[in-house]
Amino acid sequence: MSYVSLDRYKRTVVALCDLLKQHPDGLIVQDMVRLLHSQKSVLCPVLEDNPLFYVDRWATTKTRYTTSICRVWMVVDFDNPGNCPPPDIMSKT
């Protein structure tokens, strides 16, 4: 297991969120490594341990000699509805 500082972890989460929001079909780790100029050993722990990121599906990738399957990662996309009003508990009596 590799050690990642808290500051680097936070920066990686923000960078991954921004990147995956730009790619609504998701990305595999190899593409994220290339686009963020990062390392797989930094990105994978963040992707696997943070509930913002999830595996949407599996995709096949082909190299010169092999074919393998890779996880296609996506980021949770939710609209912030703003402040939720408190329930009106006085009208229930």
Taking region 65-93 and the residues there that are among the β-branched types (Val, Ile, Thr) and open to solvent by 80 Å² or more (accessible area, probe 1.4 Å), the one that is modelled with the lowest pLDDT would be Thr93
Across region 43-56, the tally of residues that are β-branched (Val, Ile, Thr) and in contact with a helix residue (DSSP H, G or I) (Cβ under 6 Å, 6 or more places away or on another chain) stands at 1
Filtering region 25-51 for residues that are open to solvent by 20 Å² or more (accessible area, probe 1.4 Å) and under 19 Å from Lys62 (Cβ atoms) leaves a count of 7
Within region 7-24, residues within 10 Å of Val75 (Cα to Cα) and either assigned to a loop (DSSP other than H, G, I, E, B) or among the hydroxyl-bearing types (Ser, Thr, Tyr) (or both) come out as His23, Pro24
Scanning region 43-64 residue by residue, those outside any strand (DSSP E or B) and either at pLDDT 90 or above or within 19 Å of Lys21 (Cα to Cα) (or both) turn out to be Leu43, Cys44, Pro45, Val46, Leu47, Glu48, Asp49, Asn50, Pro51, Leu52
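The values are calculated or read from the model by the stated rules, or taken from the named source; none is laboratory data. Predicted, not measured: the structure shown is a model, and the values here were computed from it. Here Cβ is always computed from backbone atoms with ideal geometry, including for glycine, and neighbour counts include all displayed protein chains. The protein model used for the area step is the full one, side chains on, heavy atoms only, and it has no ligands, DNA or RNA in it. Shrake-Rupley method; radii C 1.70, N 1.55, O 1.52, S 1.80 Å.
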